[in-house]
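A.B. asks: Got a structure for you, written out below as structure tokens; questions coming shortly.
The values are calculated or read from the model by the stated rules, or taken from the named source; none is laboratory data. Values in this document were obtained by computation on a predicted structure and should not be read as measured data. Don't worry about glycine lacking a Cβ; one is built from the backbone with ideal geometry, like all the others, and counts go over all protein chains shown.
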Amino acid sequence: MSAARANNSKPRLVILNQYYVPDVASTGHLLHELAAELASQGWDVSVITSRPSYGPRESWQPAPRKEVLDGVRVHRMWTTRFSKDNLLGRACNYLTFFGQLFLRMLFGSNRNVVYLYTTNPPFLGVIGAFVSIFRRHTYVKLLHDAYPQLAVWVGTIRKDGLAERVWHWINKLAYGRATHNIVLCKAAKRLVADTYGIAESRIHVIPNWADEKKLIPKPKPICEFAKSNELVGAFTVLYSGNLGLYYEFDTILGAAERLKDENFRLVFVGSGGRKGWITEQIKKRGLINTRILPYQPFEKLNDSLNSCDASLVTIASGIEGISFPSKLYSSLAVGKPILALSEEDSELRELVRNHDLGVWAALGDADALADGIRGLIADPQRALRQGENCRNLFLQRYTRSVAAKSYGDVFKLADPRANRDERARAERAAAAEKSKAEDAA
């Protein structure tokens, strides 16, 4: 059998997302890990994306227009690269990516392929819906951040306004015409089922993950990031990732204010829409124990994530089910206790408390959070135990191999070739039964 023919015998998947490695966007790295893992499990995987553009300009790395990376074919389209913190610039970036991709799918998609549409940009899944009206187009929709709910929450569009109603109509079409849908948590499943009338059997909860081989526990004193930033001697809380609007930072800054005179450090690593506000608050509150540092190169991520004694994971009020903090999984991977900030009925609180992963505090309760940090400082054995619990739970539930298997199971359900073979077998079996019945008669 020729190599080409052997390759064509594999189930085929195309992942569509605006961001992909080497971009600093966490979703781009997650999808790279998923694609590589599925390729190693026997899938023929391709990715269509844009040039690196997510973070600040200094974080952009050169990337070829086409390459094969870890067994995955990657095609990067030319798009504008305005700052995503500017609404008009972000819209231009979306449209230049969306327009090209729509034409590519409308005129070039393959009926034997499963397409995975993400929510980067937020309305990407509508391409799959419209293309499927005009030609056979099998797709799965992956929900990371729920729009228009997030846009209403931020105040970009008006609740119950025309934009929201149109967006909901588009979503109903996109979710409804998808063969299957994937969400990150139980609250998101309820949101999709209740809002758009989608059968729960077509909505699959698969949490995000981290790479168990690249992110491993490492003692803080030997971390170069900790040594170069003078973090070794102080109890350090680290927040690493997007400093965006969907996360609540006031409570941890309040806790840092209460811990001013104690052996404590708070470090933010990353960038985003609230970076300026955090910088102002550090100055306003006189937080000499708090610093903001830029994104670290991906090859140094394990070192930087281990340069702390506890990891901060937060989600803002009203966001549960609309978004979920993927940084939870990298924090679990490095085996550091979790400082969780959320609403009382959140899955994050349930997870941290049920598995003894660290400290949970309600949004706005800086006193409780500060006391929780003091408890970890006073009881190093407890912190060590909770860190080990984090790593153990991670290995059981949140590795890339576990996630890729779950994704692969959904893609197999959607695979048009497998479905045709199953239908053909069923038709042959029915014909045989009919013939047997006629002979008996």
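A.B. asks: Any chance you could count how many residues in region 196-222 are closer than 30 Å to R111 by Cβ, in contact (Cβ under 8 Å) with a residue 12 or more places away in the chain and in a helix (DSSP H, G or I)?
C.D. replies: 2
A.B. asks: Scan T119, T80, T27, T49 and give me the residue that is modelled with pLDDT of 95 or more and polar (S, T, N, Q).
C.D. replies: Of the residues listed, the single one that is modelled with pLDDT of 95 or more and polar (S, T, N, Q) is T49.
A.B. asks: Residues in region 121-166 that are in a loop (DSSP other than H, G, I, E, B), of a type outside the set (A, V, I, L, M) and without any contact (Cβ under 8 Å) to a residue 40 or more places away in the chain: how many?
C.D. replies: Total satisfying the criteria: 10.
A.B. asks: Could you tell me which numbered condition G241 fails, if it satisfies all but one of (1) outside the structural domain of F264 (by TED's automatic domain parsing); (2) not in a helix (DSSP H, G or I)?
C.D. replies: (1)
Yes/no per residue for (1) crowded, with 20+ Cβ neighbours inside 10 Å; (2) within 22 Å of the chain's Cα centre (by Cα):
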residue: P11; (1), (2): yes, no
residue: I15; (1), (2): yes, yes
residue: Q18; (1), (2): yes, yes
residue: H29; (1), (2): yes, yes
residue: E33; (1), (2): yes, yes
residue: Q41; (1), (2): no, yes
residue: D70; (1), (2): no, yes
residue: R81; (1), (2): no, yes
residue: L88; (1), (2): no, no
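A.B. asks: For region 55-78, which residues satisfy the criterion of being touching a residue at least 40 places away in the same chain (Cβ under 8 Å), over 30 Å from L413 (Cβ atoms) and outside any helix (DSSP H, G or I)?
C.D. replies: Of everything in region 55-78, those that are touching a residue at least 40 places away in the same chain (Cβ under 8 Å), over 30 Å from L413 (Cβ atoms) and outside any helix (DSSP H, G or I) turn out to be G55, P56, A63.
A.B. asks: If a residue must be in contact with a Cys (Cβ under 9 Å, 6 or more places away or on another chain) and not hydrophobic (A, V, I, L, M, F, W, C), how many such residues does region 316-345 contain?
C.D. replies: 6
A.B. asks: Follow-up. Give the residues of region 374-413 that are over 19 Å from the mean Cα position of the chain (by Cα), polar (S, T, N, Q) and crowded, with 19+ Cβ neighbours inside 10 Å, sorted by residue number.
C.D. replies: Q386, N389
A.B. asks: So which of E200, E230, E164 ends up being out of contact with any Ser or Thr (no Cβ under 9 Å at 6 or more places or on another chain), outside the structural domain of T314 (by TED's automatic domain parsing) and either over 30 Å from V402 (Cβ atoms) or among the hydrophobic types (A, V, I, L, M, F, W, C) (or both)?
C.D. replies: Just a single option satisfies the conditions, and that option is E164.
A.B. asks: Still on this structure: Scan region 91-120 residue by residue and report those that are part of a strand (DSSP E or B) and surrounded by fewer than 22 Cβ atoms within 10 Å (Cβ to Cβ).
C.D. replies: Of everything in region 91-120, just one residue is part of a strand (DSSP E or B) and surrounded by fewer than 22 Cβ atoms within 10 Å (Cβ to Cβ), namely V113.
A.B. asks: From the set of residues in region 223-237 that are part of a helix (DSSP H, G or I) and of a type in the set (A, V, I, L, M, F, W, C), which is nearest to the chain's Cα centre (by Cα)?
C.D. replies: Going through the qualifying residues, I end up with F225.
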